[in-house]
Amino acid sequence: QVQLVESGGGLVQPGGSLRLSCAASGFPFSSYSMTWVRRAPGKGPEWVSTISAGGDTIYSADVVRGRFTTSRDNAKNTLYLQMNTLKPEDTALYYCARGIRVQVMREQRWGQGTQVTVSS
């Protein structure tokens, strides 16, 4: 069935960068929009970004716009999140999910995620 495996998280200092990856399988990846969601400790899920199936249309949350870049490589069935100028408030568990924001936030079911910690 549908499998999504996030990777690339870690500990980084404020102002640093990380590149997250999401390896997808079990469905025609290139036919679906994909979404990044994050959840900080003690807080609810927060939508980060959504990218269209072909990768040509991208929507990002105001709080990450200009710092994070969402992309995808359909030939590799992989979704990416390039995170630059990281801030402590970006600390969260990051998840990828199949679909657009409304669907993803309604279902609220995703994989194990990858931890991003921004701290000095």
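What follows is calculated from the coordinates using simple rules that are stated; it is not laboratory data. Just so it is clear, the structure is predicted and the values come from calculations on it, not from any experiment. As a convention, Cβ positions derive from the backbone with ideal geometry for all residues, glycine included, and neighbour counts pool all protein chains shown.
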Using 1/(1 + (r/R0)^6) with R0 = 22 angstrom and r between the beta carbons of VAL2 and GLU89, what's the FRET efficiency to the nearest 0.05?
0.15
Under the rule of -39500 (n - 2.57) per DSSP H run of 4 or more residues, summed and divided by the residues of the chain, what mean residue ellipticity at 222 nm is obtained, to the nearest 500 deg cm²/dmol?
-1500 deg cm²/dmol
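For LEU79, what is the net charge nearby, where nearby means another residue's Cβ is under 15 Å from its Cβ and Lys, Arg count +1, Asp, Glu -1?
Details: positive: ARG19, ARG38, ARG72, LYS76, ARG98, ARG101; negative: GLU6, ASP56, ASP73.
Once all neighbours under 15 Å are counted, the net charge is +3.
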Rounded to whole Hz and in sequence order, give me ³J(HN,Hα) for the stretch 13-30 from the Karplus expression 6.51 cos²θ - 1.76 cosθ + 1.60, θ = phi - 60°, writing x for Gly and Pro.
7, x, x, x, 9, 9, 10, 8, 10, 9, 8, 10, 7, x, 7, x, 3, 5
What number comes out for the charge environment of SER21, summing +1 per Lys or Arg and -1 per Asp or Glu over other residues with Cβ under 13 Å away?
+1
What is the Cα centroid distance between the stretch 57-87 and the stretch 1-21, reported in whole angstrom?
11 Å
Quick one: which residues, 5+ away or cross-chain, put their amide H under 5 Å from the amide H of LYS87? H built at 1.01 Å from N.
GLY15
I want the local charge near TYR94. Using Cβ-Cβ distances under 11 Å, sum +1 for each Lys or Arg and -1 for each Asp or Glu among the other residues.
-1
Using alpha-carbon pairs under 8 Å, 6+ residues apart, how would you state the relative contact order of the chain in percent?
36 percent
Short version: ³J(HN,Hα) in whole Hz for each residue of the stretch 97-106, in order, from phi by Karplus 6.51 cos²θ - 1.76 cosθ + 1.60 (θ = phi - 60°), x for Gly and Pro, what are they?
8, 7, x, 8, 4, 4, 5, 5, 6, 6
Check ARG19: other-chain or 5+ apart residues with amide H under 5 Å from its amide H, H built from backbone geometry?
MET83
Starting from the 7 Å offset along Cα-to-Cβ, what nm value, one decimal, do you get for the label separation of ASN77 and GLN103?
1.8 nm
